[in-house]
Amino acid sequence: MEAMDMDEEPVVVAVRGPDLGGGPRFHFPLSDSESSPELETGLDEEEPPPIMSTWAFNQRSAPGQRGEPRPRAARGPAATQPRRRTRRGLAPPSRAFLDFLLRAPAASEALQGSGSSTDISGSDTEEQAPGPSLGASAALGPPAGSTEPSAPTNETAGGRVQLGPVVPPPATVTPPCVPVATPSFQPSQSEEGEGDTCPICFELWATAGEHRLATLRCGHLFGHACIKRWLKGQGQAGKCPQCNKKAKRSDIVLLYARKLRAVDNSEQEAMKKCLAEEQTLRRKAELESAQCRMQLQVVTEECGKLRKQVQDIRTLMSQAGGASWSTGGLSQRTEAPRGGGHYTFSKGVLVSQAGGCRVLAFCGPLGCLLASQPSPQATLVPGYGVKKISTVNMKASQYIHIHSKQIRGLAFNRRDDSLMLSASLDNTLKITSLLTNTVVQTYNAGKPVWSCCWSLDNSNYVYAGLLNGSVLVYDTRDTSTHVQELLPLGARSPVPSLSYIPRVGSGPFPCGGLLAGSLEGGYFWEQLEGTSYRPHQLPLEAAGCIDIQVETATRHCLVTYRPGRSNPSLRCVLMELTRVPQLVPSLQGSLPGGACSCSPVQTFNAGSSCKLLTRNAVFPSPAGGAMLVCAGDEASNSTMVWDAGSGALIQKLPADLPVLDICPLEVNGDHYLASLTEKMLKVYKWE
């Protein structure tokens, strides 16, 4: 040791026993001169034990941490197998390492003489055979507080060589675990747009309007208008367009998403709403303008008439040459219409655009006309009802739905309670309150009802003429069934007309009862007491009778016959009801009575066509004196007015279609005549 230079450091070798966990540790300070031949003898026989893979990985993963080169150690000049220097503080536990330290000068001289150095690669270490690995204590080095030196150094003539415990690494080394960055998912623009569009029309959803966001039970999103139209087109077998699950229109639910990428069309919807309002106001203004133009035309015509009358008065005044004559002429001209008079057209009202009107009646307490018509909303509310037409302004005001089939008769009583009796082909007889526009009583006749009327002597009784010729008597106080059935005296044919004649104290026909007109003739059912009736067959023609109307004040009836072989034209025969006194046998003996009959007074001929069952009218003339007879003429589509006394034709009121029903009425002292066709109601005023 004294012969060594001052810069040489002693090599201290720590040798551990076979037990790596807790064996004894020995420290050997060595030098070049202290090599022993006994140690050299076993150098080639034993290989240094390999260390564990963890220690080898730590050595390979931290190259150059201490700034020291890795020299290649060899056993001798011919040695070619590389050795890797271990960490400082670690020592091989075998004896072969001591021999390696003793031969270090020879290895360094060989390296210096060659003038080149060879680096240790990972492939060189992998070629070595694996051996037993060290424990955890060998990898961690000496314990804390140990005084053993670090890796020793030895200086030779060729230079300074660092020596340390060199142990070959294992054959296979596990590569270090390199963390791999997981790429974040970045959706494309097309994928981002898929959640904002409707899968049916591929348009963006909206926050308002028809194309707002909606969903089904399955959870798929659609535009509200698109999915509604989709399910409507599929009908009962509706399915979701995406998952094909069953769906129906009631499953559609509107969504109110908090974060929804949708087109803001609220301003557009507001503009559409404003446009609709403006269009509504425009249509209203156009309608008002049209009404004003019509009113202006009417006023202009009236003004022209008044100017013409003024011109006529001036002409008369100039011809008379004095004021007295002019006054007398004017008074005669004013009284002239009272002696004669005629009807002038007042107003036309469209009742039903589709047609189907049949009968007409007048309600005095409410001052309105009632015309039967089919339902204006036939798809939603099929059936038939009546339409109210006010006589104040002659405008249709309200529709009342009553029956499911066509209405064949309307009638009012004398109590002025605004109760309307209606007969229909749906086998029912109904009482409707026009004050509340509701049906208050329904009677089921079992067969189609062709006509109806009230009892003018007792308003608790109503009558219904059936298809089989019978007449049912109903009591409004008994809602279960009819109280009596009046059977026909002859053939069973429909009863298209019923009229009640009230009792009077005296006269040629004082009895009261029911006058029934069938297609085969007429009958009079005289009412005796309560619900007992005595039948009388009237001397009418055997066939061709289509209507019988009664004028109760004068005890006249108007019988209408359709054209036949013997009479090619429509005939209206005015007859007077009479009674022949005689004794009628009964259980109590002979009672005073008589046979009810009728005799013709005047006959009126109309056109040669009669395909419909029309209803005519006979009533007192508004001018006083004689009666007027009105009948519809299908051949000329007009209403013919005759004077019942003379039989002369007074007027022929034109119509666009055949007249089906005629109704005279009086409103505020003015007399009117209303004629009904399938679509229109025309009102004429008596002047």
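Pairs are defined by a Cβ separation below 6 Å, a sequence spacing of at least 6 or placement on different chains, a first member in the range 367-391 that is open to solvent by 60 Å² or more (accessible area, probe 1.4 Å), and a second member that is of a type in the set (A, V, I, L, M, F, W, C) and not in a loop (DSSP other than H, G, I, E, B); the pairs so defined are Tyr384/Ile407. For the range 650-664, the set of residues classified as touching a residue at least 40 places away in the same chain (Cβ under 8 Å) and not polar (S, T, N, Q) consists of Ile650, Leu653, Pro658, Val659, Leu660, Asp661, Ile662, Cys663, Pro664, listed by residue number.
Can you tell which of Ser352, Ser372 is assigned to a loop (DSSP other than H, G, I, E, B) and of a type in the set (Ser, Thr, Tyr)?
Ser352
Of all residues in the range 624-648, those satisfying the criterion of being among the aliphatic types (A, V, I, L, M), open to solvent by 20 Å² or more (accessible area, probe 1.4 Å) and under 59 Å from the mean Cα position of the chain (by Cα) are Met627, Ala635. Checked against (1) farther than 24 Å from Gln537 by Cβ; (2) touching a strand residue (DSSP E or B) at 6+ places or on another chain (Cβ under 6 Å), Ser470 meets all criteria but (1). Taking the criterion of being small (Gly, Ala, Ser) and closer than 16 Å to Phe362 by Cα, would at least one residue in the range 631-640 satisfy it? No - not one qualifying residue is present in the range 631-640. Evaluation of Pro365 against the conditions (1) touching an Asp or Glu at 6+ places or on another chain (Cβ under 9 Å); (2) modelled with pLDDT under 90; (3) part of a strand (DSSP E or B) shows that the sole unmet condition is (3).
Filtering the range 452-469 to residues that are in contact with a Pro (Cβ under 6 Å, 6 or more places away or on another chain) and of a type in the set (Gly, Ala, Ser) leaves only Gly469.
With respect to Cys218, determine if the residue is assigned to a helix (DSSP H, G or I) and either open to solvent by 80 Å² or more (accessible area, probe 1.4 Å) or at negative phi (or both). No, not satisfied. Looking at (1) within 30 Å of Pro622 (Cβ to Cβ); (2) modelled with pLDDT under 95; (3) touching a Lys or Arg at 6+ places or on another chain (Cβ under 9 Å), which one does Arg338 not meet, given that it meets all the others? Arg338 satisfies all of (1) within 30 Å of Pro622 (Cβ to Cβ); (2) modelled with pLDDT under 95; (3) touching a Lys or Arg at 6+ places or on another chain (Cβ under 9 Å) except (3).
For Gln268, indicate whether it is over 21 Å from the mean Cα position of the chain (by Cα), in contact (Cβ under 8 Å) with a residue 24 or more places away in the chain and part of a helix (DSSP H, G or I). Taking the combined requirement at face value, the residue satisfies it. If the condition is being open to solvent by 50 Å² or more (accessible area, probe 1.4 Å), farther than 19 Å from Leu380 by Cβ and not hydroxyl-bearing (Ser, Thr, Tyr), then the range 425-439 contributes only Leu435. When the strands (runs of 3 or more DSSP E) confined to the range 451-499 are screened for residues that are open to solvent by less than 30 Å² (accessible area, probe 1.4 Å), those reaching at least 3 such residues are found at 461-466, 471-475. Set side by side, the residues Gln234, Gln242 differ, and just one is open to solvent by 40 Å² or more (accessible area, probe 1.4 Å) and part of a helix (DSSP H, G or I), which is Gln234. Of everything listed in (1) open to solvent by 10 Å² or more (accessible area, probe 1.4 Å); (2) touching a residue at least 60 places away in the same chain (Cβ under 8 Å), the single unmet condition for Phe509 is (1).
Using the structure shown, decide if Val495 is of a type in the set (Val, Ile, Thr) and over 30 Å from Gln406 (Cα atoms). No; evaluated as a whole, the condition is false for this residue.
Any residue at all in the range 407-424 that's surrounded by fewer than 16 Cβ atoms within 10 Å (Cβ to Cβ) and without any contact (Cβ under 8 Å) to a residue 24 or more places away in the chain?
No; the residues of the range 407-424 include none that is surrounded by fewer than 16 Cβ atoms within 10 Å (Cβ to Cβ) and without any contact (Cβ under 8 Å) to a residue 24 or more places away in the chain.
In the range 536-552, the residues that are touching a residue at least 12 places away in the same chain (Cβ under 8 Å) reach residues that are among the acidic types (Asp, Glu) with C-beta atoms within less than 7 angstrom, at least six apart or across chains, in these pairs: His536/Glu526; Ala542/Glu520; Ala543/Glu520.
Arg293 fulfils the conditions (1) surrounded by 11 or more Cβ atoms within 10 Å (Cβ to Cβ); (2) more than 18 Å from the chain's Cα centre (by Cα); (3) not in a loop (DSSP other than H, G, I, E, B) except for a single criterion, (1).
For the range 525-533, the criterion of being modelled with pLDDT under 90 and under 56 Å from the mean Cα position of the chain (by Cα) is met by at least one residue. Within the range 651-686, the set of residues being open to solvent by 40 Å² or more (accessible area, probe 1.4 Å) and charged (D, E, K, R) comprises Lys652, Asp656, Glu666, Asp670, Glu678, Lys679, Lys682, Lys685.
The values are calculated or read from the model by the stated rules, or taken from the named source; none is laboratory data. Predicted model only: the values in this text are computed from it and were never measured. We place every Cβ from the backbone using ideal geometry, glycine too, and count neighbours over all the protein chains shown. Areas reflect the complete protein model, heavy atoms only, side chains present, ligands, DNA and RNA absent. Shrake-Rupley method; radii C 1.70, N 1.55, O 1.52, S 1.80 Å.
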